[in-house]
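Taking it in order: structure first as structure tokens, then the write-up.
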């Protein structure tokens with residue numbers, strides 16, 4: 001019985017070591033993978049938007065009434081004016097971070113449609 005336990009323990013140890021090696025090799029390969037853009041010189045920052053006056057439980061940028069007048073556009077302008085900044089943009093989810101959002105789009109003066117199937 002003791003010999004069977006030792007053989008089983010060694011077999012499991014080998015399986016775990018092989019699995020760990022494959023995992024490390026996969027992460028190494030993913031780190032070297034080209035993301036589709038040149039990430040050097042790119043800086044990202046997380047910003048928490050102030051609560052919405054209409055719905056305090058949500059935090060959103062105010063939409064622009066005219067081009068470039070919303071709080072998001074103003075924030076983008078402030079960041080873009082900093083020294084050394086060539087381009088500035090605001091997004092709800094950065095690429096290659098795994099963030100996905102499944103939210104309903106509400107259009108002003110139209111009823112909200114249910115997405116339930």
Tell me the volume per residue, in Å³, of the convex hull enclosing the alpha carbons of the stretch 6-50.
134 Å³
So between residue 43 and residue 23, what do we pick up on full extension, going 0.36 nm a residue minus the alpha carbon distance?
4.3 nm
A chain fully extended from residue 89 to residue 4 at 0.36 nm per residue, minus the present Cα-Cα distance, gains in nm 24.4 nm
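A short reminder: the numbers here are calculations on the coordinates, not readings from a lab. Note that this is a predicted model, so its numbers are computed, not measured.
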